[in-house]
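Note sheet for the following structure.
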Amino acid sequence: MRYKYLFLVLTFIAPIAFGSQSVTEKLIVHYVDKNMNGEIYSSGNIDWEHGYYSTRVIKAGKISLTSNEKNIELRLPVNIQLTGKAKKNLLGIKLTVGCSSQFVTTPLAVLSPRFSEGEVDFLVKLSVDIPPTHLDCDGVKLSIQGALQELVNKKKVKWEKDLKDRLESQFNG
């Protein structure tokens, strides 16, 4: 008799208590994982004040998704790879030094869909934390965490707009 309600607890209460995903969340995770493999983004030879650099963003783990009545939160671990050349002047001699950096971070995308008259509008907020990161330039290591966080903060509005536009295009045709 004392196990009478065990099935009820396991079926209805345990998924809520332990944060189980709904079938919709599982379907979205499966779709994104299947369609977002390997390299997510790359850019080559971008000029900057000290030379040029290239960036690769590679999926580094499984996406996680949570949702409530207003928002969808997506987290995807990514491996960021930076390579480039830094041009320096040393005692009148022009030097080009090879530099590279690699780190893993898990950006958060908060998507807030708003439905009206058969259309879907999205509010998109991105958050990318940069871990302590160093640039290795032929053995000389320089901290670049602050510079990368500043770059993310500058580009975040464009990234949010691009994601918003892509989502709205997908959902509204």
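The values are calculated or read from the model by the stated rules, or taken from the named source; none is laboratory data. Predicted model, so just to flag it, every value in this text is computed and none were measured. So basically every Cβ, Gly included, is an ideal-geometry build from the backbone, and we count neighbours across all protein chains shown.
Brief remarks follow.
- Note on segment 95-141: among residues that are of a type in the set (D, E, K, R) and in a loop (DSSP other than H, G, I, E, B), the one that is modelled with the lowest pLDDT is Asp138.
- Positions within segment 86-106 being surrounded by fewer than 17 Cβ atoms within 10 Å (Cβ to Cβ) and either under 30 Å from Gly61 (Cα atoms) or in contact with a helix residue (DSSP H, G or I) (Cβ under 7 Å, 6 or more places away or on another chain) (or both), in sequence order: Gly98, Ser100, Gln102, Val104, Thr106
- Only residues that are surrounded by 13 or more Cβ atoms within 10 Å (Cβ to Cβ) and more than 17 Å from Val124 (Cβ to Cβ) were counted in segment 22-60, giving 14.
- Residues that are of a type in the set (S, T, N, Q) and in a strand (DSSP E or B) within segment 142-152 comprise just one, Ser143.
- Among the residues of segment 70-98, the ones that are within 29 Å of Lys26 (Cα to Cα) and in contact with a Leu (Cβ under 7 Å, 6 or more places away or on another chain) come to 5 in all.
- Pair list, Cβ < 9 Å and 6+ apart or interchain, from segment 32-50 residues that are at negative phi and among the acidic types (Asp, Glu) to residues that are surrounded by 10 or more Cβ atoms within 10 Å (Cβ to Cβ) and outside any loop (DSSP other than H, G, I, E, B): Asp33/Lys59; Glu39/Arg56; Glu39/Val57; Glu39/Ile58; Glu39/Lys59; Asp47/Tyr53
- Boolean, Tyr52 is modelled with pLDDT of 80 or more and not aliphatic (A, V, I, L, M): yes
- Among the residues of segment 43-83, those that are in contact with a helix residue (DSSP H, G or I) (Cβ under 9 Å, 6 or more places away or on another chain) and over 20 Å from Ala147 (Cβ atoms) comprise Lys59, Lys62, Ile63, Ser64, Leu65, Thr66, Ser67, Ile72, Leu74, Leu76.
- Qualifying residue in segment 129-143 (condition: on the phi > 0 side of the Ramachandran plot, in contact (Cβ under 8 Å) with a residue 12 or more places away in the chain and among the charged types (D, E, K, R)): yes
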